[in-house]
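S.K.: I have a structure I would like to understand better, so I am pasting it below and will then ask my questions one at a time.
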Amino acid sequence: MTNSDNAIEIRNLTKEFRISRDGAKTLKDFLVRRHTRAQKHLVLKDISLDIRKGETVGLIGVNGSGKSTLLKLMTQIIYPTSGTVETAGRVTSLLELGAGFHPDFTGRENIYFNASIFGMTRKQIDGRVDKIIEFSELGDAIDEPIRTYSSGMYMRLAFSVAINVDADILLIDEILAVGDQHFQDKCYAKLLELKDYGKTIVIVSHALDQVRALCTRAVWIYKGTLRLDGDPAYVIEAYKKQSAIDHKEEKRVAHENGTEKYKGVVFIDSPADFSHVRKGGELRISGWRIADSDNFDFILSVNGKRLTDISPVERPDVISVYEEEYAGYIEDRAPGFSAAFTPDMAGELSIEAQIVIDGKRIAGKQITVTVE
């Protein structure tokens, strides 16, 4: 280590995987493919990074960006193609569900098996096994083979072992997304405790709110390179903006290729369906609409007559729900709408809101109101 204050030092790290084509199924395939070289897939390129002792760092990025590979390189269960990774102190990790467990061993036996991988002696494990079992809340299931466990039970056992081996560095890869809310909250509280105790924690997560709340620092991996490193709020905002741009471009290409259809959502908040209104009074129609296109036509009509005086309305509640699914299409829009109509005759009104793209109805909502 070049700096004694660092827990992890990564220098000029590059990781490639060799990918072979499917195995030959016929003699002809074998003769043709045996001279074909395996393809190289570059996952990480020239990453240099220091993580100081006591830091809680969130690794963020889209699927396939290289986050999980980087975490595995930190554990040294895989090795870089070039460059170096150094760690100071005992490392414990929660990577893939069931990693480090034997399915035919009981939960109790796997505690000894898994903890020994992390460098603990049998005597040390003896002194902590009850604490591990208590935290896991597995009860009598601790003496059942773990092949009978659910994914949530796996996670309980794995996390309970990992936090009780007295490691200096804890590496976690999205595994906390598994399990019930009660135990997730319990794990989160424990991570806060370990953070306050000065442990070094590195987490790969798509839960950006948790990264913002828990981490002292965020590292954004983008297409195998280190794109940004710093304050979580700033890094996350930059990541979200780029993700929206990329998502929009992917959608554009998919729409042009015909591999994906346009989609949208329309909702009428007011008036309520089957409600009653008075003749001659102002009827306020409001709601919201979104679509995965910049060029959609929104049509709001009453009994088939289109309304033209429609006001946009800010709807942060709608944006917060759909900002990921409609990234790139919703952030800079006011998805809400409001319009007024004065019914002058008694009877039923059919109010319809719809999204039309290239003359085709993509989404819509229709309600009926009775005028008295």
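We did not get these values from a lab; they are worked out from the coordinates using the rules stated. For clarity, every value in this text was computed on a predicted model and none was experimentally measured. Glycine gets a Cβ as well: all are built from the backbone with ideal geometry, and neighbour counts include every protein chain shown.
S.K.: Could you tell me, in Å, what Rg and Dmax come out for the Cα atoms of segment 264-371?
M.R.: For segment 264-371, the Cα radius of gyration and maximum Cα-Cα distance read 14.2, 44 Å.
S.K.: With unit charges on the beta carbons (Lys and Arg positive, Asp and Glu negative) and the dipole taken about the Cα centre of the chain, which residue among Y326, V57, T26 sits farthest to the positive side?
M.R.: T26
S.K.: Please state the relative contact order of the chain as a whole percent: Cα pairs under 8 Å, 6+ residues apart?
M.R.: Once normalised by length, the contact order is 15 percent.
S.K.: I would also like to ask the following. Can you spot the lysines whose alpha carbon is less than 18 Å from K365's alpha carbon? Ignore those fewer than 8 places along the same chain.
M.R.: Candidates past the 8-residue exclusion: K263, K305.
S.K.: Ok, one more. Fewest first, what order do L157, L208 take by the number of other Cβ atoms within 10 Å?
M.R.: L208, L157
S.K.: With a 10 Å radius around each residue's Cβ, average the other Cβ atoms per peptide and rank 314-324, 267-277, highest first.
M.R.: My ranking of the peptides, most packed first, is 314-324, 267-277.
S.K.: Mind giving me the FRET efficiency for S311 and E249? R0 is 30 Å, r the Cβ-Cβ distance, nearest 0.05 is fine.
M.R.: For R0 = 30 Å, the calculated efficiency reads 0.45.
S.K.: Sort the following peptides by mean Cβ neighbour count (other Cβ atoms within 10 Å, averaged over residues), highest first: 284-297, 58-71.
M.R.: Packing proxy ranking, top to bottom: 58-71, 284-297.
S.K.: Something else about it: Where the eigenvalues come from the Cα gyration tensor of the chain, what are the semi-axes √(5λ) of the equivalent ellipsoid, largest first, in whole Å?
M.R.: Listed largest to smallest, the semi-axes of the chain are 51, 28, 22 Å.
S.K.: Once label points are set 7 Å from the Cα along Cα→Cβ at both K190 and S82, what is their separation, rounded to one decimal in nm?
M.R.: Using points 7 Å along Cα→Cβ, the separation is 4.1 nm.
S.K.: If I fit a long axis through the Cα atoms of helix 151-162 and take the longest principal axis of the Cα atoms of the chain, what angle between them do I get, 0 to 90°, rounded to 10?
M.R.: Result, in degrees: 50.
S.K.: Roughly how many debye, to the nearest 20, is the charge dipole of the chain about its Cα centre, given +1 on each Lys and Arg Cβ, -1 on each Asp and Glu Cβ, and no other charges?
M.R.: 1480 debye
S.K.: Please compute the length gained on full extension between I117 and M1, using 0.36 nm multiplied by the number of residues separating them and subtracting their Cα-Cα distance.
M.R.: Difference between extended and current length: 39.4 nm.
S.K.: Give me the distance in nm between label points sitting 7 Å out from Cα along the Cα-to-Cβ direction at A272 and H102, one decimal.
M.R.: The two pseudo-label positions are separated by 6.3 nm.
S.K.: If R0 is 30 Å, what FRET efficiency do you get for T259 and R18 from their C-beta distance, rounded to 0.05?
M.R.: It comes out at approximately 0.55.
S.K.: Another question, if that's okay. Mind checking which lysines have their C-alpha under 30 Å from K199, skipping anything on the same chain fewer than 8 residues away?
M.R.: Here the lysines satisfying the reach criterion relative to K199 are K15, K45, K53, K67, K72, K123, K131, K186, K190, K223, K240.
S.K.: Add -39500 (n - 2.57) for each DSSP H run of 4 or more in the chain, then divide by its residues: what number comes out at 222 nm, to the nearest 500 deg cm²/dmol?
M.R.: -9000 deg cm²/dmol
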